[in-house]
Amino acid sequence: MTLVYVLLAVAVIFIYFFRKDIKEKIIPDKEKNYTIDDRYNAEKKKREKEIDHILSKMGKNGVKDLSSADQKRLDELSKK
């Protein structure tokens with residue numbers, strides 16, 4: 001019975017010192033595991049959605065229907 005208590009104490013100490021590693025294995029941090037390509041693709045997708053949203057505002061008159069702020073933002077996004 002004493003052996004069980006000793007093993008339990010050792011297990012608790014082990015878990016305490018390695019709790020960050022254990023937590024990372026159970027619940028991984030998604031931002032930490034992003035690669036440079038993943039970040040680039042996420043930013044590109046975000047820019048494309050914003051461009052699509054601005055372009056969807058355009059009606060019969062084309063670019064003239066956009067506000068000056070939307071025109072500036074569309075120019076900035078198209079240059080990237």
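The values are calculated or read from the model by the stated rules, or taken from the named source; none is laboratory data. If you're wondering where the values come from, they're calculated on a predicted model, not measured in any experiment. Note: ideal-geometry Cβ built from the backbone for every residue, glycine included; neighbour counts use all protein chains shown. What goes into the accessible areas is simple: the full protein's heavy atoms, side chains included, and nothing from ligands, DNA or RNA. Shrake-Rupley method; radii C 1.70, N 1.55, O 1.52, S 1.80 Å.
Computed quantities for the displayed model
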quantity: Residue check for residue 72: free of Cβ contacts under 8 Å to residues at least 12 places away in the same chain, of a type in the set (Lys, Arg) and surrounded by 11 or more Cβ atoms within 10 Å (Cβ to Cβ); calculated: yes
quantity: Inter-residue pairs, beta-carbon under 8 Å, first of a type outside the set (D, E, K, R) and in segment 48-59, second open to solvent by 60 Å² or more (accessible area, probe 1.4 Å), 6+ apart; calculated: 51/78; 54/73; 58/65; 59/65
quantity: Failed criterion for residue 13 (all others in (1) at pLDDT below 90; (2) surrounded by fewer than 11 Cβ atoms within 10 Å (Cβ to Cβ) hold); calculated: (1)
quantity: Matching residues in segment 39-69 - criterion: being open to solvent by 70 Å² or more (accessible area, probe 1.4 Å) and under 20 Å from the mean Cα position of the chain (by Cα); calculated: 39, 40, 41, 43, 44, 45, 46, 48, 49
quantity: Residue check for residue 5: open to solvent by 100 Å² or more (accessible area, probe 1.4 Å) and either touching a residue at least 60 places away in the same chain (Cβ under 8 Å) or of a type in the set (Ser, Thr, Tyr) (or both); calculated: yes
